[in-house]
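In what follows, a single structure is set out as structure tokens and then discussed.
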């Protein structure tokens, strides 16, 4: 019986090849999208789910209150950890660690020889509790004492293999590793790498006592006033602890101990599962999940799936008359309605299974296409992911039910007599046509929405990139001197002098970061005006004299800074002057502002510049000059070299000079305009995603339209023949056949346009500076959709319209 | 076998009833071979469909094997006809996607007959109709006469007591037609009650009784 059903169904699929192909294609697109998006979402939400007692594990985070903004940080002052351990009995266990910068690592190779790894990452300075808190499996070493005391290091298996490729874990213990040519540590243990989705991807745990003094000297690790996001503190609260109460206790503990904290500061327990997603505090190790994006992806998957189902419903009900004869016959020989429903549902199920198999086949390819959105550790492996198989089975059942139930009910309702008499009752026909039309409109609404959204996002990105930021962006190369190197401030001057001699350099500046850069630093500044002291959070940047000319930053009044060793004067931006109440910003020149070290004169006011992406509004900004802060080189290349290899040669000679002065470092440079383009990486990704969604939505909808028009022209073959005999031209017939469909597409536009306007307007609110949604976006998207529909229709209509009427009018 | 009492059938066209059948009274005994004749539009096919329970009468009573069909529910009716009635159509109405074998087998599936038994029954009838060699072909690969033979085989597979045939030879040439009528005659001799609609006097003559329809009434 089952084989019988399968073989008959396949025969029927084969007879209606075009319809079957369209149905499978539509469903497969929706199913593959769902599959891939399920993988992504499932991956993102499984962060830290492997950790034991993760639900009562928290990260302690910091919120510092500046005068006019809060500054949230995922780190804590190092001193907080010990204090909390002593005074908060709610804490069951905890671990404190510091995430190190890229470090030079030197490893011994049999005796005299050594191997050097210039830039090793994933290194932390961890306290002795770290491995047991996270739950590593030990391969060698003593788990209880491995990180007790200074100069000890524990490696994960993969890192151990990298350093000592041939040795087994047990013999690695006792080896000595040198960090940054100065710190020595002996390996006291090897643990297994975590094989789970987690932010704890560190591979090398150097014992905290090794570096505690260093950290304190460099970063004020043990001062209450210092917060660095590298300093992490995780706790596991005892079961049953009320986290709100714990937060209150924490606040009291802080108040009791804090000294020399110049800002009001609070700490909170942040739930472990929130760490990967919370943008305010940052993820542990950079890779942050973005929940709205995930929800957006889910919506895309749902839409594409719905489009595929709609296609199926439309085509199957349209095709109904062709199957009516079979249904009628089956009924006359005793088939009941429910048997028919079962049969049709079975057919849908089979079709969905085929579409799913196709999807599984193309999933690896999709994963490649969408690489940008896909987390790196994501794997697609049916055998190793049983929950994926469960998802696929569920998906098949849901899709075949959604797509199959309506057509099955419609088809099984046919009355045999009417079928056998060759007249499918006309009243039910119109009603079904009405349902079909609604579904088609729904499809095109979705497609149209995606097109408009794509255009708006694209326009906003162009707007951001082309916006007058208030400074020069082109032909500028940036690079910085290495951190952690000997005598940087002397050597950078030598490099500066060397670079000056290179002919292809139009202008040169040695200063702080460029006008716009991913990170900013802020400080609090005071200004006294008419006897009142105004305290403000201000962004601070460091420049030399030529910086302003190099970036072509315009002055409203005053002059650029004089290069100096310590801060002696300030240049402020227009916004700061206005914020302080100067109607005419130029008037602030000659007054003073003060940071912690006394008041300094303001010598100039610049026009406002964008120091961040157009997401953020322009805020108060000061420029100062301080030799020690100048670790970035800014090079303006001469314009003549752009299209020849002049720039390449200049950069090559810069690199040569750099290597001479800093032979130990890599020469990493970037073009300033490209750095700015990266501000919009998230938007570029959104745009990429929307392009694909729009493309697929149009494609599926047009497939559906094609199916419908094939059906309609088949039905109207006789009418077309008669009209041609009566003298209608091909064009007249084509327009007759297309007109009804074009009306549906136009209606879809009317519905989609306001929805899209509303949604995109909402999206744009995220930007402090935004493009407007112009009328042409609607005109272009509407026209594009109509054109796509028209082209699809013409695939079939032209053929039908040019057919010889003799063929269609011959009576059987 | 069956009895029709005051059967009428009409459609509303523009608010006025248009009669297809008007006050039909008819009784058919087991073993009869009845031919219904009449011009186009006289209501022959409708009458046949009502007898076969594919269509409802607008008015009147219908008894089939002592059961009042007009009072039965859809499901009971379907149960009744699939056990006792076989249909043969002018246009054969075979399912194009199914082979000859599968077409003949289908009614048995709907009567929940076991696979082994189905095989035996189908093999039997293929043999009897001399179409064993054609069992794996599809309807479109057969001539009209052969298709109708398959149609009749399918109608008979479930051993119905009543065979309803709507112009069974209408699409066939005269030789094929004659063969089909001979087959009907033989079936009738074996005890199957047959009601056929036909245009042809010659075919009607195979029957034991002729009913003439004109404008929805039986002509006496």
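Here, each number is a calculation from the coordinates, and none is a lab measurement. Values in this document were obtained by computation on a predicted structure and should not be read as measured data. Here the Cβ positions follow ideal geometry from the backbone for every residue, glycine too, while neighbour counts run over all protein chains shown.
Across the protein assembly as shown, the volume of the C-alpha convex hull divided among the residues equals 270 Å³ per residue. Working from label points 7 Å from Cα in the Cα-to-Cβ sense, the residue A:242 to residue B:212 distance is 10.2 nm. Shielding by partners for peptide A:12-18, expressed as the average number of C-beta atoms from other protein chains within 10 Å of each residue's C-beta, is 1. Considering all different alpha carbon pairs of the range B:51-181, the Kirkwood hydrodynamic radius works out to 15.7 Å. Placing a label point 7 Å from the Cα of residue A:113 along the Cα-to-Cβ direction, the residues of the range A:161-205 with a backbone N closer than 19 Å are A:161-168, A:172, A:175-178. Once C-alpha pairs closer than 8 Å and six or more residues apart are averaged by separation and normalised to the residue number of chain B, the relative contact order reads 32 percent.
Across peptide B:91-98, the mean count of Cβ atoms from other chains lying within 10 Å of each residue's own Cβ comes to 6. The simple Förster model, with R0 at 25 Å and r as the Cβ-Cβ distance, assigns residue A:353 and residue A:409 a FRET efficiency of 0.70.
Rg/Rh, computed from the Cα trace of the range B:71-122 with Rh as the Kirkwood radius, has the value 1.02. Residue by residue along B:77-90, Cβ atoms of other protein chains within 10 Å of the local Cβ number 2 on average.
Relative to the current alpha-carbon distance between residue A:387 and residue A:287, full extension at 0.36 nm per residue lengthens the span by 33.6 nm.
For the protein assembly as shown, DSSP calls about 75 percent of its internal beta bridges antiparallel. Going by alpha carbons, how many degrees (0 to 90, nearest 10) lie between the helix axis of B:174-189 and the longest principal axis of chain B? Its long axis makes an angle of about 80 degrees. Compared with the direct C-alpha span, the chain from residue A:222 to residue A:735 gains 176.7 nm at full extension, assuming 0.36 nm per residue. By the equivalent-ellipsoid construction on the alpha carbon gyration tensor, the range A:499-580 comes out with semi-axes of 28, 14, 12 Å, ordered largest to smallest.
I need to check one value: relative contact order of chain A, counting alpha carbon pairs closer than 8 Å and at least 6 residues apart, in percent.
In percent, rounded to a whole number, it is 14.
When each of A:58, A:129 is scored by the number of other beta-carbon atoms lying within 10 Å, the sequence from fewest to most is A:129, A:58. Taking 17 Å as the cut-off, the amide N atoms of the range B:6-50 that come nearer than this to a point 7 Å along the Cα-to-beta-carbon line of residue B:65 belong to B:28-32. Between 0 and 90 degrees, the angle of helix A:386-412 with respect to the longest Cα principal axis of chain A falls at about 30 degrees.
Overall shape of the range A:298-427 was characterised from the C-alpha gyration tensor. The equivalent ellipsoid obtained from it has semi-axes of 38, 15, 10 Å, in decreasing order.
Sorting A:137-146, A:615-624 by average packing, meaning the other beta carbons within 10 Å per residue, from highest down gives A:615-624, A:137-146.
Debye sum, Cα scatterers, the range A:550-684, no solvent: what log₁₀ I/I(0) at q = 0.09, 0.17 1/Å? For the range A:550-684, the Cα-only Debye profile gives -0.40, -1.09. Once the mean of 1/r is taken over each pair of separate Cα atoms and inverted, chain B shows a Kirkwood hydrodynamic radius of 18.1 Å. Scaled against the 2.2 N^0.38 Å expected of a compact globular protein of N residues, the Cα radius of gyration of the range A:1-133 reads 2.02. Can you give the helix-only mean residue ellipticity at 222 nm for the protein assembly as shown, where every DSSP H stretch with n ≥ 4 adds -39500 (n - 2.57) and the sum goes over all residues, rounded to the nearest 500 deg cm²/dmol? Helix-only estimate at 222 nm: -15500 deg cm²/dmol. So, R0 is 35 Å and r is the distance between the beta-carbons of residue A:42 and residue A:668; what FRET efficiency does that work out to, to 0.05? In this case the efficiency is close to 0.45.
Legend: P(r) of the range A:531-571 from all alpha carbon pair distances, 5 Å bins from 0, whole percents, reading 5, 18, 23, 23, 17, 9, 4, 1.
The C-alpha atoms of chain A define a longest principal axis, and helix A:730-764 lies at about 30 degrees to it. The slack in the chain from residue A:52 to residue A:530, taken as 0.36 nm per residue of separation less the alpha-carbon distance, amounts to 166.1 nm.
Here the calculated FRET efficiency for residue A:728 and residue B:174, from their Cβ-Cβ distance with R0 = 45 Å, stands at 0.60, rounded to the nearest 0.05. The order of the peptides A:521-532, B:48-59 by mean Cβ neighbours within 10 Å, most packed first, is B:48-59, A:521-532. Taking the average, over residues, of other Cβ atoms within 10 Å as the packing measure, peptides A:652-665, B:73-86 rank B:73-86, A:652-665 from highest down. Put simply, the Cα atoms of the range A:148-299 extend 50, 50, 31 Å along their principal axes, the longest span coming first. For the range B:146-191, the Kirkwood hydrodynamic radius comes to 11.0 Å, computed from all pairs of different C-alpha atoms. Using C-alpha pairs under 8 Å with a sequence gap of at least 6, the mean separation divided by the residue count of the range B:1-127 gives a relative contact order of 21 percent.
Taking a ≥ b ≥ c as the square roots of the eigenvalues of the Cα gyration tensor of the range A:380-533, is the shape rounded (a/c under 1.5), prolate (a/b larger than b/c) or oblate? In terms of gyration-tensor shape, prolate. Multiplying each eigenvalue of the alpha-carbon gyration tensor of the range A:102-218 by 5 and taking the square root yields semi-axes of 19, 18, 14 Å, largest first, rounded to whole angstroms.
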